Amino acid sequence: MNYILFDGPYRNNLLPFTYTRPVADIRVGILTIRQKWESYLEYTTTTVTEDYLANKYPLVEMEDNIMINASFLPNMEVSELVKGLKHNQALFNGEDVIAFFVKEGEEVKNFSSFEAIDFNGEIIKIEHTWDIFSKNGDAISEDFNLITKGRQSQPIPTTVNTIKPENIFIEKGAKLEYVTLNASSGPIYIGKDAEVMEASVIRGPFALCQNATVKLASKIYGPTTVGPYSKVGGEVNNSVLFGYSNKGHDGFLGNSVLGEWCNLGADTNNSNLKNNYAEVRLWDYKTEGFAKTGLQFCGLMMGDHSKCGINTMFNTGTVVGVSSNIFGSGFPRNFVPSFSWGGSKGFVTYKTNKAFEVAEVVMARRDEKFTNKDKAILEHVFEETKQYRRE
């Protein structure tokens, strides 16, 4: 059977993160959505996504294909139902389709001719950017059970102070000494070759992915995920870093999501609660206005390759697009378009040639190459987001 993950109806709700990746490659919990599905299905997947992303994330179609809505995070029950689908059957959760079976070349305009199978059990669905951090605790717990099932953790060093050590799993090559791990509120996962430096205090649910680092004397409240090759320091609460991003210094990051290749300058802080305790509104690319989140706590959403200088302050519910550079005193506005350069006193366009120079250098430091495919994606994002910038 061939499994294909498609973006589904919530792709635009998940901008700016889906400007540069399919929905399937969003990280929530320990793994990306794609990695979760591939683990449960025991099979590789390909993608139906936006045309400009297809060169980097290609589609492979075979005679028999099961299409899976990437907004849904798999569990054992759902994955077994997906694997059991037959031709012209579709699996639904309410009005949303989870998966359906099609033959090569078949076009599906609606599901009226399909046999509907209803799934009414528990399942995590990622519909909005803020779901990435607000549902991260449940996602960490499910991934923890999936990854660690039938496996033995590396020994916890004797200098590590633990609460509920049975909820802690340490992978091979991880380094940690003289730290406190409190897994009473949820599991703690320390990935391969990751490091937690001395005097750090971590409360689960927490995931430190492969080769990621927690800097000296950090304070981290779960549910938080630090993606591969990322670094965090200072105080972090209920946040997700996709990978290759840095918040390496003192300062507060809370109820926030950072894409890949982001960097927060020293003493950067974000607000995650309005002074009047009101519901947070967040920029919505679909409506091109600020939409209600239903949340009292909501911080910073920052797209790939964006960065900020030292002492930057982000107001409650700030959205920063792709490849922006923010600096200076005062609060920048709550929506910073992609490829913006500036701060509270105003922005100019961050030209692609300059942005690409930085991306190439930053990625090379992690032995990653800024490819022509990456460049083409960012060029498309630059053109697509022109409407939001004052050129």
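Read-outs throughout are calculated quantities, based only on the coordinates presented, and are distinct from any laboratory measurement. Just so we're clear, the structure is a prediction, and the values are computed from it rather than from any experiment. When we count neighbours, we look across all protein chains shown, and the Cβ atoms used for this are built from the backbone with ideal geometry, even at glycine.
What pairs in 36/286; 86/109; 215/354 have C-alpha atoms more than 20 Å from each other? Provide the component values of the computation, followed by the final result.
Working: 36/286 27 Å; 86/109 18 Å; 215/354 30 Å.
Over 20 Å apart, Cα to Cα: 36/286; 215/354.
Most simply put, the stretch 261-391 has about 40% antiparallel DSSP beta bridges, counting only bridges with both residues inside it.
For the chain, give me the percentage of DSSP beta bridges that are antiparallel, rounded to the nearest 5 percent.
Among the beta bridges of the chain, antiparallel pairing accounts for roughly 25 percent.
Pairs over the 27 Å Cα-Cα cut-off, from the set 56/292; 56/307; 149/175; 135/231; 125/292: 56/292. The residue list 311, 87, 134 was ranked by how far each Cα lies along the charge dipole of the chain toward its positive end, using unit charges on Cβ atoms, and 311 comes out on top.
Among 58-71, 197-210, 96-109, sorting by the average number of other beta carbon atoms lying within 10 angstrom of each residue, highest first, gives 197-210, 58-71, 96-109.
Annotation for the stretch 314-350 versus the stretch 189-265: alpha-carbon center distance of 23 Å.
According to the calculation over all Cα-Cα pairs in the stretch 200-333, the P(r) per 5 Å bin from zero is 2, 11, 20, 26, 20, 14, 5, 1, 0 %.
Around the amide H of residue 335, modelled in the peptide plane, lie the amide H atoms of 319, all under 5 Å away and 5 or more residues distant in sequence or on another chain.
Count neighbours as other Cβ atoms within 10 Å of each site's Cβ, and list the chymotrypsin sites (Phe, Trp or Tyr not before Pro) in the stretch 227-292 that are DSSP loop with at most 14 such neighbours. Let's see the in-between values first.
Numbers: sites: 229, 242, 244, 252, 261, 277, 283, 285, 290; in loops: 229, 244, 261, 277, 285.
Within the stretch 227-292, the qualifying chymotrypsin sites (Phe, Trp or Tyr not before Pro) (loop, at most 14 other Cβ atoms within 10 Å) are 277.
Projecting the Cα atoms of 29, 113, 58 onto the dipole axis of the stretch 2-124, where Lys and Arg carry +1 and Asp and Glu carry -1 at the beta carbon, places 29 farthest toward the positive end. Distance from the Cα centroid of the stretch 1-74 to that of the stretch 136-157 is 23 Å (rounded to whole angstrom). Determine the percent antiparallel among the DSSP beta bridges restricted to the stretch 1-112, to the nearest 5. Taking every DSSP beta bridge with both residues in the stretch 1-112, the antiparallel ones total about 55 percent.
Out of the stretch 1-89, which trypsin sites (Lys or Arg not before Pro) are coil in DSSP terms and have no more than 13 other C-beta atoms within 10 Å?
Working: sites: 11, 27, 34, 36, 56, 83, 86; in loops: 11, 56, 86.
Answer by residue number: 86.
Among complete DSSP H helices in the chain, those whose alpha-carbon atoms stretch at least 15 Å along the helix's long axis and whose mean Kyte-Doolittle hydropathy reaches 0.0 are 352-364.
The string of couplings for the stretch 157-163 from the Karplus curve (6.51, -1.76, 1.60, θ = phi - 60°) is x, 5, 7, 7, 7, 10, 10 Hz, one whole number per residue in order, with x for Gly and Pro.
Please give the charge dipole size of the stretch 128-254, origin at the Cα centre, charges +1 on K and R Cβ atoms and -1 on D and E Cβ atoms. Round to the nearest 20 debye. Walk me through the intermediate numbers first.
Values: 12 positive and 12 negative charges, 21 e Å.
The dipole of the stretch 128-254 has a size of about 100 debye.
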